Amino acid sequence: MKNILKKILKRWLQAIGNKLLGISTIKNIDEITSVNKGVQILLSLKYHELLRENAPMPKLEDIEFRAFAQNGEDGILLYIFSLIGTTNKKLVDIGCGSCLISNHANLIINHGWTGLLIDGDEGNIKAGREFYAECPDTQVWPPKLVHAWVTKDNINSLISNYSFQGEIDLLSLDIDGIDYWIWQGIECISPRVVLLEYMDVWGPDTSVTVPYQENFVGKYDEHGLYYGSASLSAFVKLGKEKGYRLVGCQRYGFNAFFIRSGIGEDIFPEISPAECFHHPKAKYGVESRLAKAKENEWIEV
């Protein structure tokens, strides 16, 4: 039944998308997975319909798409918020990058969210300001972009100083460093959904993070980050302490989604970390990259 639903949704999305976009054949690689605002609105309505009719719901990996995200996070976020709703459409993105490729841009540009975007690279903030200044949908009211090196001592004042306090809809955290300690230290906001990147090389069972250092800088090789952030199990433990449950990850298994307790528990039940390690990419990380990661200092949490 789920496979049938998946095929129906795929055909429906392709047909509607081609009609709205005027696409008869795929002309470039972006057209394969990029989804515009009109299609997203229709998708959201379809998700509501499936829920209302008590129909089988698709898995997160089946509804991924990207408009601005690096992978399929845009599709997952649309799906989650279509079903649990929003309160104020506010988001905080720590480690926002240049914004053109990000987890927040689709929500801000296509769905009218407001955002506080923080990054430690001044060049990224400059690029982000230029990007949103040129975008017709954000010229009048662009998100707040802040150049700052975040620590557990300044993160709350940094967020509060820009009038983001209390409940917000989304926190996205990806700084390739002391991510665990930053999430642990955040108290001024209560996000309904948290999206963060974890170190998949540790697999589903080990609970470790990098030690806290204010000037921590991640280490990379040709495959990406191998020393930074924390394992998924560490984030799951921390999430439970803060009142969050793991509900899924994107298909490659390095970006995890958490929802606050009491929100959408019948729609998005808690899953185990092991369920995020099915893709060959995740298995490759454990088998081929863990030894290099272990050469550095980690602490159990």
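Here, each number is a calculation from the coordinates, and none is a lab measurement. Keep in mind that this is a model prediction, so the values were computed, not measured. All Cβ positions, even for glycine, are placed from backbone atoms using ideal geometry, and neighbour counts span all protein chains on display.
Taking 4.7 Å between beta carbons as the limit, the unpaired Cys residues of the chain are CYS96, CYS99, CYS135, CYS188.
Per-residue 3J(HN,Hα) values for segment 237-253, derived from phi via the Karplus relation 6.51 cos²θ - 1.76 cosθ + 1.60 with θ = phi - 60°, read 4, 5, x, 5, 4, 9, x, 10, 10, 6, 10, x, 8, 6, 4, 7, x Hz in sequence order (x marks Gly and Pro).
Sorting LEU107, LEU45 from the fewest to the most surrounding beta carbons within 10 angstrom yields LEU45, LEU107. Restriction of the GluC sites (Glu not before Pro) in segment 160-261 to DSSP coil positions whose beta-carbon has at most 13 other beta-carbons within 10 angstrom yields GLU187, GLU214, GLU222. Among the listed pairs LYS90/LYS126; LYS59/LYS219; LYS59/LYS292, those whose Cα-Cα separation exceeds 28 Å are LYS59/LYS219; LYS59/LYS292.
Taking the chain as a Gaussian network of alpha-carbon nodes connected by springs under 10 Å, the highest mean-square fluctuation of the residues ASN124, ASN36, ASN215 belongs to ASN215. Close amide H pairs (under 5 Å, H built 1.01 Å from N) link GLY253 with no residue at least 5 positions away or on another chain. Restriction of the GluC sites (Glu not before Pro) in segment 39-143 to DSSP coil positions whose beta-carbon has at most 16 other beta-carbons within 10 angstrom yields GLU53. Once divided by 2.2 N^0.38 Å, the Cα radius of gyration of segment 177-301 becomes 1.03.
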